[in-house]
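Scroll down for the structure; my scribbles are underneath it.
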Amino acid sequence: MRYLVREKLFAIGDDYWIEDDRGHKAFLVDGKVLRLRDTFELKDAGGRVVAVVKEKAFTVRDAMKIENADGDVVATVREKLFTPFRDKYLVELAGGGELKIHGNLIDKDYRIENDHGDDLARISRKWFRVRDTYGVEVADGADAGLLLAVAACVDHLTEED
């Protein structure tokens, strides 16, 4: 499934629909205002919270945590300690394991893969002609909510850099 995401998704208080490749509203990004750190909820089309994304405060490396609807941390997206110009972030899963982020993050042309090297998502702005948007293609059977939240975290963290 391919999704259309607006760049700079993390404007304070901004709400935005993520659309599927048929133009249907799939997920709502609900930006929370008046918080000490950036906080956003990702809701499905029915209004159920899929993920809550929070910027981690007081960390040496930039990081954001992704929680499920119950408030349990399921993943942390953080900057790698030592890295070349590319592949700057990784995702630590609460259940163990990591997701690796490879490619050109600034130009929005990268992929997210699991520990076994399988692509879970491809992110690219080349698929759409709409300005300030990029696509997230999620592999069959992968957790679309989690991967969209990861892509949004990468977008926010690279914007801050």
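Each reported figure results from applying straightforward, stated rules to the coordinates on display, with no laboratory input. The model shown is predicted, which means the values in this text are computed figures rather than measured ones. For neighbour counting, all protein chains shown are included, and Cβ atoms are generated from backbone atoms with ideal geometry for every residue, glycine included.
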Under the 0.36 nm per residue contour assumption, what length would be gained going from the current alpha-carbon distance of Glu159 and Asn114 to full extension?
13.8 nm
Could you rank the peptides 99-112, 139-152 by their average count of other C-beta atoms within 10 Å per residue, with the highest value first?
139-152, 99-112
Between Asn68 and Asp132, what is the spin-label point distance in nm, taking each point 7 Å from the Cα along the Cα→C-beta axis?
3.5 nm
Put a dot 7 Å past each Cα toward the Cβ at Leu90 and Asp107; how far apart are the dots in nm?
2.5 nm
